[in-house]
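Undergrad: One structure is given below, represented as structure tokens, and several questions about it will come after.
The values are calculated or read from the model by the stated rules, or taken from the named source; none is laboratory data. None of the values given here were measured: they were computed from a predicted structure. With ideal geometry, Cβ positions are generated from the backbone for all residues, glycine too; neighbour counts draw on all protein chains shown. The accessibility values were calculated without ligands, DNA or RNA, using every heavy atom of the protein model including side chains. Shrake-Rupley method; radii C 1.70, N 1.55, O 1.52, S 1.80 Å.
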Amino acid sequence: MDREDFARGVREVAPLLLGVAPFGLVAGIAAANAGLDLTQAVGMSVIVFAGASQLAALDLIGRDAPLSVVVLTAVVINLRMLMYSASIAPHFRTFATRLKAGLAYLLTDQAYALSIASYRGERSVDRAAYYIGVALTLWVVWQVTTAAGVVLGTGVPDAWGLEFAVPLVFLALLVPAMEDGPTTVAGLAGGTIAVAGAGLPLNLGLLVGASVGIVAGLVAERPMEVNATDGH
């Protein structure tokens, strides 16, 4: 493994940690509010390691949603990882199976974006070393800040109303992502349905909203693809 490319990955992901660290703290606080102790919260964070779906799952756990709904919601939110995996897989084709499994576990939005940009650049790079430098740094910071959030959350009075931290984080993630027509349609449709379905049985509002948002985004994207084809 090239140490220089590993260190480069660590350096280039460092600015993004300013956003990841508060996100991890909120996830830890949400875990504490959902009734998880430190061992349970850290165990979930290590096994799941998926920020948005982790927060959604914790919110549902805190509302006593059925386990099937919690798992299905997390899966729907993380469907984008299928696209990331398909896109980055050709760069890892020659790697050993065990290494590819480890890289898959560490896959995140940030690790994917930085790695793909690096691989497509003019400079040659040790793909595994760079990816691990980025992804492992994110993993360590996420685990540490999640644990810190659990410890902090258990000592914060209920009067502080930190339950609002979770929806605020989701809003902070959503607004920058609504960068074109289809993503805006997906965000608005999914959010509207999730709010309207807040009273659905088994706390299914979030799952239904996420599903509707995905479908709405795909439907909105099709006319754009057709128009682009006609333009040629």
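Undergrad: Quick one: ranking LEU25, LEU17 by accessible area, 1.4 Å probe, largest first, what do you get?
TA: From most accessible down to least: LEU25, LEU17.
Undergrad: While we're on this one: Would you mind computing, in nm to one decimal, how far apart the modelled labels at ALA89 and ARG3 are, each placed 7 Å from Cα along Cα→Cβ?
TA: Result for the modelled spin labels: 3.5 nm.
Undergrad: Further, regarding this structure: Please work out how much length the chain gains when fully extended from VAL140 to THR97, using 0.36 nm per residue of separation minus the C-alpha to C-alpha distance, in nm with one decimal.
TA: Answer, rounded to one decimal: 13.2 nm.
Undergrad: How far apart, in nanometres, would the label points at LEU67 and VAL219 be if each is projected 7 angstrom from Cα along the Cα-to-Cβ direction?
TA: Label at LEU67, label at VAL219, 3.5 nm between them.
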